[in-house]
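The values are calculated or read from the model by the stated rules, or taken from the named source; none is laboratory data. Computed from a prediction, not measured in an experiment: that's the story for all the values here. Here Cβ is always computed from backbone atoms with ideal geometry, including for glycine, and neighbour counts include all displayed protein chains.
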Amino acid sequence: MNVRELMTKNIISVRPDEHVSQALGKMERHKIHQLPVMSGENLYGIIELRKIVTQRIDASSAKVENFATNVPNIDVNANVESAAQLLLTSAMRAVPVTDAGKIVGIISETDIMKVAKQFIRGLDNSASQIAGAAECIDKRGNFGQVKKLFIEKNVSRVPITDGEKIEGVIGTLEMIKILTGRGTMEVRGGTQEKAAREKVGLEETPVTALMRPALVAGTNKKIGDIIDLLKTNEEVIVQDGGVKIITHKDILELFVQAPQKGVYVQITGMQDESIEFKARMDIAVTDFVKKMAKITPRIEYLAVHVDKMHKQGPKAKYSIRARFKSSTGFFISHSWGWKPIDVLQEVFSDMEKEVVHKSSKVKTDTKRRRMMRKGR
């Protein structure tokens, strides 16, 4: 199957000289997170919602050309596996599709969900295996707290909670209300006889004024069930010993791994890094795999994604997430920091503790069952 068969041919785009508010209006109206920026028939770049939602800008006067960035594209005849790989390595939700250098469509994560079941294994495995811990905000929180999480934790979806109850979720599309000025609203309070009104600043806008309903799946859901839900939803929240979340990217990681046999190691997000940086990361990853091979049998894969979050002077903060699967189980670890190698070592250290703990438990349970059989 190739990209031509899955891509969206109706291209919603914006011009470089249009205002950001016009781009945001199109994103909100069509429920998309990025727009190709077209100068005539030529691709000028792409404008991403996640790159502008945390900035203080006047969307009514700022021009699209100031926020457009270069983006990789994929050939119309490329296979679906290549599209999934590109979406992972570029950290994009969608990329332009070209034919002889001309843009002819868009291929998105949602498009790939339509056929994902044909390419990945373990559809009957528990969805909890691929769910990552979510960064949450209490329902009494405000936009400023959500914005801070978006920046510091490199997330684009935040569940809103009331104790153990999921009240809703805020994603980048919900942030458009703030960027377009509709987030400045009146809050009412006081007695039933008389309501006191006061204007609140953007940062103090309550999360309950921005959130949308959350899709919460039961712990009995399988990976195949989640794929079906992600065809029409941005994320699925799972409550399994805490609030966890599954996104399209989680499925794409499985998708890319499907054709592989034996131990498969994948490192994404390093395309703009130096050769020395990549070499050091490769060494650390290889050492970890060798170490795990002595602890847990039959390693299937290790997937590591590196994301450069934001810069502070000459330094950049990194977010690194790893997924590891062996016969012992499925493990996820995530950490942030200014020194990427240290961050990676922290990710691997936390993951190793989980693997050792579960491996020890598996061995103990196996030994107990053998003793019970001998005693019969």
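A few remarks follow.
- All positions within the stretch 107-146 that are surrounded by 18 or more Cβ atoms within 10 Å (Cβ to Cβ), over 19 Å from the mean Cα position of the chain (by Cα) and closer than 30 Å to residue 37 by Cβ: 143
- If the condition is being loosely packed, with under 15 Cβ neighbours inside 10 Å, among the polar types (S, T, N, Q) and more than 30 Å from residue 54 (Cα to Cα), then the stretch 279-333 contributes 286, 327.
- All conditions but one from (1) farther than 21 Å from residue 13 by Cα; (2) assigned by TED's automatic domain parsing to the domain that holds residue 13; (3) buried (at least 17 other Cβ atoms within 10 Å of the Cβ) apply to residue 71; the one that does not is (1).
- Within the stretch 150-175, the set of residues being over 20 Å from residue 236 (Cβ atoms) and either surrounded by fewer than 22 Cβ atoms within 10 Å (Cβ to Cβ) or without any contact (Cβ under 8 Å) to a residue 40 or more places away in the chain (or both) comprises 151, 152, 163.
- Selection of the stretch 140-163 for residues being modelled with pLDDT of 90 or more, over 13 Å from residue 245 (Cβ atoms) and part of a loop (DSSP other than H, G, I, E, B) yields 140, 141, 163.
- Total residues in the stretch 319-345, condition outside any loop (DSSP other than H, G, I, E, B) and farther than 21 Å from residue 150 by Cα: 10
- Failed item in (1) in a strand (DSSP E or B); (2) farther than 24 Å from residue 155 by Cα, with residue 35 passing the rest: (2)
- Taking the stretch 266-281 as the range and being at negative phi, touching a residue at least 12 places away in the same chain (Cβ under 8 Å) and assigned to a loop (DSSP other than H, G, I, E, B) as the test, the residues that pass are 270, 271, 272, 273.
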